[in-house]
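Step one of this worksheet: look at the structure below.
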Amino acid sequence: MTEALAKILVADDEPDLRALLQRYLSDQGYSVRTVDGAGPLDVLLQRERFDVLVLDVMMPGEDGLSICRRLRAQGETIPILMLTARGDPVDRIVGLEMGADDYLPKPFNPRELLARIQAMVRRQRLLGAHTGPRQTGGRIDFGAFTLWLDERRLERHGGADGDRAQDVPLTTGEFALLQALAQQPHRPLGRDRLIALAYGPDHTATDRSIDVQVMRLRKLIEADPAQPRHIRTVWGVGYVFVPDGAAPGGGGKP
């Protein structure tokens, strides 16, 4: 069943395809906006919040891969479904490495596109995609903590000293990883993606080193590191940051 009131943004330079997707997805109960390139796309993302971005790879000017990479670098967490006429698996991998959530080669069956969009919207709503951490300027608030980005420090509130905030000591690597997670709330991130976000694409960190850093962070910010509420494991993917700290549910593992 289509998710009610879900908003879809389609970016594609082909007018016929834009019109087709506008009509088809609207008939399925979605609110759909379409744009033909990066400029109007940026304007709409600044003005409105969408549930899914359908983004064509091959566009004049700034192409879809560059747009995807830029949006992720800016902290934009909207789920992105890439469309491309290139069927090479390498292109698919590159798109996912740039931060795309799914990938569909052209030509495609509109029903398959619809099924993928439905799955993405459902997943985001189950994770509470619109209840992200309160972020003001250089700070991110989550649970009992404030992450000060400019000062590169973490504060805990309401500890043993009552309401007085206390600094939580973090290594440089721990801070970088926590910042990468906190700036992508409710978005499952693979270990390779976390390495790129936290340390840069050329860093020599390994999957195991990410797991160790996550274990350390959990000991610092979780009331029960064995049942984490903020940094959860997404089996087969990596980790997801849940700022509101709701208790894990739905039969999944923390």
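At-a-glance table
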| quantity | calculated |
| --- | --- |
| Protection-proxy order for peptides 46-53, 173-180, 220-227, each taking the mean of Cβ atoms within 10 Å per residue, highest first | 173-180, 46-53, 220-227 |
| Sequence of E62, E155 from largest to smallest accessible area, 1.4 Å probe | E62, E155 |
| FRET efficiency estimate (nearest 0.05) - Cβ-Cβ, D13 to R122, R0 22 angstrom | 0.15 |
| Gain on full stretching of the segment that runs from W148 to M215 - 0.36 nm per residue minus C-alpha separation | 22.0 nm |
| Heavy-atom SASA rank of R232, R187, R208 (probe 1.4 Å, accessible area, largest first) | R208, R232, R187 |
| Spin-label pair Q227/M58, simplified geometry with 7 Å Cα→Cβ offset, distance in nm | 5.3 nm |
| At R0 = 35 Å, FRET efficiency that the Cβ-Cβ distance of L20 and W235 yields, to 0.05 | 0.45 |
| Candidate residues H157, H186: accessible-area rank, largest first, probe 1.4 Å | H157, H186 |
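The values are calculated or read from the model by the stated rules, or taken from the named source; none is laboratory data. The structure displayed is predicted, hence computed values, not measured ones. Note: ideal-geometry Cβ built from the backbone for every residue, glycine included; neighbour counts use all protein chains shown. When the accessible area is computed, the model is the full protein with side chains, heavy atoms only, and any ligands, DNA or RNA have been set aside. Shrake-Rupley method; radii C 1.70, N 1.55, O 1.52, S 1.80 Å.
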